[in-house]
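Worksheet for the structure shown next.
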Amino acid sequence: MKVLHVITTIEFGGAENQLKVLVREQVISGLEVHIVYLKGKPELEEHFKQSGAQTHDILIGKSFISQVYLLKRFTNSFDGIVHAHLPRAELLCALVLRNCKLIVSRHNSEKFFPGSPNHLSKILSRFVEKRSNSVICISNAVKDYMFENKELSKHDKVSVIHYGYDREFDENLSIRKNFDHNSITIGTVGRLVNQKDYPTLLQAFKQYSNFHTNSQLLIVGNGKLKEELEQLSIQLEISEKVFWYGKTSKVYEAMQRMDIFVLASKYEGFGLVLLEAIQAQLPVIAANNSAIPEVLGHDSQGLFKTGDSYDLYMKLLHFTKKENRASLCIQQRQRLEFFNPTDMSCHVENVYKKGTLRS
């Protein structure tokens, strides 16, 4: 079977990194895999090539109209499944494809087309749904959001297939050092955007650092709010304890410096970084919303009330104790069995073969 993945970018990001996992598993299972991307730097291109997939940059630097023409010409001779990821790629495929089966994946629990009026986002989303054979949602939270906001309408077209963890991430991890109980590094990974709710994390860390003066906060990622967040850390008088690591392709190296991982997001479509933190043997504290409890477990001791800096602060205090961190790591490590990448790939292939897979 041939598969063509069409995705907006192949830069490092949640949906893009998960495509890397899926492509690797698909090639191992014997599929012939191709990737076409629309814009951006080819940061994951080498990963795809090493997996045995072929990447095509035929659409880079072209206008949307030109991309429609070029993708149509490319797919006219393609005998296989087309799997689209992220809004722009989905729209492009919905406009172009006639003879190929189209599968789309929804990766975010937010409007299909962020920044557009609600009615336009619904129209575009349902247009893609109508033109596709199946829609894969990466979590129940994404599926529920899409139906509650009327961006999807046909339940029989929709399946839920959770992300799979990245085996390569495990391969890159080194043995964690023994940390000083009196020097705790709290860390997080994510774009510096409103969704990630960094103010709640900074305010909680302010309270925490008052009692643990040797503690520090490591923030991995870039984004448009960096200057604003740096100013907030100055106002909170914690700027000397907050380290801005920036964007990196080696998240596993940054995680080796952390004692506790925190994800304060207001919502997540899945939160692949949660699996990465668990793989790095970090205790994970995260906001209790959207897909996060699907990943960590609804009864996880690491969940805190969304947007509540005091509740997060109390969790940080609790997991300062080494024995509490160890207990949470054991509990969360057991969650990985639900996100086996081979199982994930098999479920996706079933969608390819059957057209739909009821969840």
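Listed residues 336, 316; which is in contact (Cβ under 8 Å) with a residue 40 or more places away in the chain and over 20 Å from the mean Cα position of the chain (by Cα)? Break it down stepwise before answering.
Details: 336 fails: over 20 Å from the mean Cα position of the chain (by Cα).
Checking each option against the conditions leaves just 316.
For the range 21-39, the set of residues classified as within 25 Å of residue 268 (Cα to Cα) and open to solvent by 30 Å² or more (accessible area, probe 1.4 Å) consists of 24, 39, listed by residue number. One residue alone among 278, 219, 260, 292 is among the hydrophobic types (A, V, I, L, M, F, W, C) and farther than 30 Å from residue 106 by Cβ, and that residue is 260.
Can you find even one residue in the range 226-234 that is in a loop (DSSP other than H, G, I, E, B) and basic (Lys, Arg)? So far as the range 226-234 goes, no, none of its residues is in a loop (DSSP other than H, G, I, E, B) and basic (Lys, Arg). Within the range 340-355, identify whether any single residue is farther than 17 Å from residue 136 by Cα and buried (at least 19 other Cβ atoms within 10 Å of the Cβ), and answer yes or no. Scanning the range 340-355, I find no residue that is farther than 17 Å from residue 136 by Cα and buried (at least 19 other Cβ atoms within 10 Å of the Cβ), so the answer is no. Once the range 291-318 is narrowed to residues that are farther than 22 Å from residue 14 by Cα and aliphatic (A, V, I, L, M), the residue that is most open to solvent (accessible area, probe 1.4 Å) is 314. Residues of the range 238-251 include at least one that is out of contact with any His (no Cβ under 8 Å at 6 or more places or on another chain), among the aromatic types (Phe, Trp, Tyr) and under 21 Å from residue 320 (Cβ atoms). Residue count for the range 118-170 under the criterion of being open to solvent by 70 Å² or more (accessible area, probe 1.4 Å) and assigned to a loop (DSSP other than H, G, I, E, B): the result is 2.
Condition check ((1) buried (at least 23 other Cβ atoms within 10 Å of the Cβ); (2) under 17 Å from the mean Cα position of the chain (by Cα); (3) in contact (Cβ under 8 Å) with a residue 12 or more places away in the chain) across all residues:
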site: 215; (1), (2), (3): no, no, yes
site: 223; (1), (2), (3): no, yes, yes
site: 229; (1), (2), (3): no, no, yes
site: 233; (1), (2), (3): no, no, yes
site: 243; (1), (2), (3): no, no, yes
site: 246; (1), (2), (3): no, no, yes
site: 277; (1), (2), (3): yes, yes, yes
site: 289; (1), (2), (3): no, yes, yes
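Quick check: is even one residue across the range 25-39 closer than 22 Å to residue 138 by Cβ, assigned to a helix (DSSP H, G or I) and under 21 Å from the mean Cα position of the chain (by Cα)? Within the range 25-39, one or more residues are closer than 22 Å to residue 138 by Cβ, assigned to a helix (DSSP H, G or I) and under 21 Å from the mean Cα position of the chain (by Cα). Here the condition is being at positive phi and either of a type outside the set (S, T, N, Q) or modelled with pLDDT under 95 (or both); of 237, 268, it holds for 237 alone.
The number of residues in the range 251-264 being crowded, with 24+ Cβ neighbours inside 10 Å and either part of a loop (DSSP other than H, G, I, E, B) or without any contact (Cβ under 8 Å) to a residue 60 or more places away in the chain (or both) comes to 2. All conditions but one from (1) under 21 Å from the mean Cα position of the chain (by Cα); (2) open to solvent by less than 60 Å² (accessible area, probe 1.4 Å); (3) more than 26 Å from residue 133 (Cβ to Cβ) apply to residue 46; the one that does not is (2).
Those residues that are hydrophobic (A, V, I, L, M, F, W, C) and in a loop (DSSP other than H, G, I, E, B), I need them from the range 277-291; list them, please. I'd like the intermediate steps shown before the answer.
Looking only at the range 277-291, we keep the residues that are hydrophobic (A, V, I, L, M, F, W, C), and these are 277-278, 280, 282, 284-287, 291.
Passing the criteria: 280, 282, 291.
Every listed requirement among (1) within 20 Å of residue 302 (Cβ to Cβ); (2) not in a strand (DSSP E or B) is met by residue 223 save one, (1).
Could you list all residues from the range 256-267 that are in contact with a Lys or Arg (Cβ under 9 Å, 6 or more places away or on another chain) and within 21 Å of residue 204 (Cβ to Cβ)? Before the answer, list the steps.
The first filter runs over the range 256-267 and keeps only residues in contact with a Lys or Arg (Cβ under 9 Å, 6 or more places away or on another chain), leaving 256, 259-260, 262-266.
Selection gives 259, 260, 262, 263, 264, 265, 266.
The residues of the range 52-105 that are part of a helix (DSSP H, G or I), open to solvent by 30 Å² or more (accessible area, probe 1.4 Å) and hydroxyl-bearing (Ser, Thr, Tyr), listed by number, are 66, 69.
Summed over the range 102-149, the residues that are closer than 27 Å to residue 76 by Cα and basic (Lys, Arg) give a count of 4.
The values are calculated or read from the model by the stated rules, or taken from the named source; none is laboratory data. What you see is a predicted model, and the numbers here were worked out from it, not measured in a lab. Ideal geometry is used to build each Cβ from the backbone, glycine not excepted, and the neighbour counts take in all protein chains shown. Only protein heavy atoms, including side chains, enter the accessible area calculation; ligands, DNA and RNA are left aside. Shrake-Rupley method; radii C 1.70, N 1.55, O 1.52, S 1.80 Å.
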